[in-house]
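The values are calculated or read from the model by the stated rules, or taken from the named source; none is laboratory data. Just so it is clear, the model here is predicted, and its values are computed rather than measured. As a convention, Cβ positions derive from the backbone with ideal geometry for all residues, glycine included, and neighbour counts pool all protein chains shown.
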Amino acid sequence: MPRQSPFGHLTGPVLVSACLLGIACRYDGQSKHCPEITRIPGIIPIPVCPEQMGGLPTPRNPAYFVGGDGAAIVSGHARVVDCEGRDVTGCFLKGAQATAKVAELLGITRAILKERSPSCGTRLVTVEGTLVEGMGVTSYLLREQGMSLMNENGEVL
Ligand code: SF4
């Protein structure tokens, strides 16, 4: 029996991490194309890259949380720093807010986001070099906005 797609119930416009749609917007200048998402019938994928929208270049230095995950960033109790120690918290917040604005403007209530990213991670992120349970800055803000989130494996937050 063919495996059922975890995205089968989705229809209409869905916010999608742009790198999952094959857009080369990751920190290393590559994409993380997930063909299964591109092939979901009946959805209109709306690509967003919060880190680019926050003003960061591509390619860019990889960045990590210090002091907590996206929730702690939004409440002002943690920082995002890149591998050279530069504080990029402001860019991450700006990109998250711009992404939330896109969703609001288009009336989008669902998103598929790239796991493990400090912006887009829905369940797992890196804090001070260790992979832990937590959310990216954008994911946290979108969830606070009432959106329903999934990662690229179809796991619902
Ligand atoms: S995970 Fe999110 S922020 Fe990172 S490249 Fe993909 S869309 Fe951009």
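Among the numbered criteria (1) away from the ligand (no atom under 15 Å from the Cβ); (2) under 19 Å from SER17 (Cβ atoms), which single criterion is violated by GLY134?
Exception for GLY134: condition (1).
List pairs: first residue in region 132-156 and in contact (Cβ under 8 Å) with a residue 40 or more places away in the chain, second residue basic (Lys, Arg) and part of a strand (DSSP E or B) anywhere in the structure, Cβ distance under 9 angstrom, at least six positions apart or on different chains.
Hits for this filter: MET147/ARG110; MET150/ARG110.
Looking for something over 15 Å from the mean Cα position of the chain (by Cα) and of a type outside the set (Asp, Glu) - is there at least one such residue anywhere in region 91-99?
Our first condition is that a residue be over 15 Å from the mean Cα position of the chain (by Cα); within region 91-99, this holds for none.
No, that holds for no residue.
From GLY154, GLY146, grab the single residue that is away from the ligand (no atom under 13 Å from the Cβ), at pLDDT 95 or above and part of a loop (DSSP other than H, G, I, E, B).
GLY146 is the lone residue from the list that is away from the ligand (no atom under 13 Å from the Cβ), at pLDDT 95 or above and part of a loop (DSSP other than H, G, I, E, B).
Condition check ((1) under 18 Å from PRO47 (Cβ atoms); (2) within 10 Å of the chain's Cα centre (by Cα)) across all residues:
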{"site": "ARG79", "(1), (2)": "no, no"}
{"site": "ARG86", "(1), (2)": "no, no"}
{"site": "GLU104", "(1), (2)": "yes, no"}
{"site": "GLY129", "(1), (2)": "no, no"}
{"site": "GLY136", "(1), (2)": "yes, yes"}
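Taking LEU20 as the residue in question, decide whether it is within 15 Å of the chain's Cα centre (by Cα), outside any loop (DSSP other than H, G, I, E, B) and either within 12 Å of the ligand (Cβ to nearest atom) or loosely packed, with under 13 Cβ neighbours inside 10 Å (or both). Can you show your working first?
Numbers: within 15 Å of the chain's Cα centre (by Cα): yes; outside any loop (DSSP other than H, G, I, E, B): yes; either within 12 Å of the ligand (Cβ to nearest atom) or loosely packed, with under 13 Cβ neighbours inside 10 Å (or both): yes.
When the stated conditions are applied, LEU20 passes them.
Hey, among VAL48, VAL80, VAL66, which residue is out of contact with any Phe, Trp or Tyr (no Cβ under 8 Å at 6 or more places or on another chain) and under 16 Å from THR138 (Cα atoms)?
Values: VAL80 fails: out of contact with any Phe, Trp or Tyr (no Cβ under 8 Å at 6 or more places or on another chain); VAL66 fails: under 16 Å from THR138 (Cα atoms).
Residue meeting the stated conditions: VAL48.
For GLY42, indicate whether it is away from the ligand (no atom under 15 Å from the Cβ) and free of Cβ contacts under 8 Å to residues at least 24 places away in the same chain. Can you show your working first?
Details: away from the ligand (no atom under 15 Å from the Cβ): yes; free of Cβ contacts under 8 Å to residues at least 24 places away in the same chain: no.
Judged against the criteria, GLY42 is not a match.
Could we say that ILE37 is in a helix (DSSP H, G or I) and more than 14 Å from the chain's Cα centre (by Cα) here?
On the way: in a helix (DSSP H, G or I): yes; more than 14 Å from the chain's Cα centre (by Cα): yes.
When the stated conditions are applied, ILE37 passes them.
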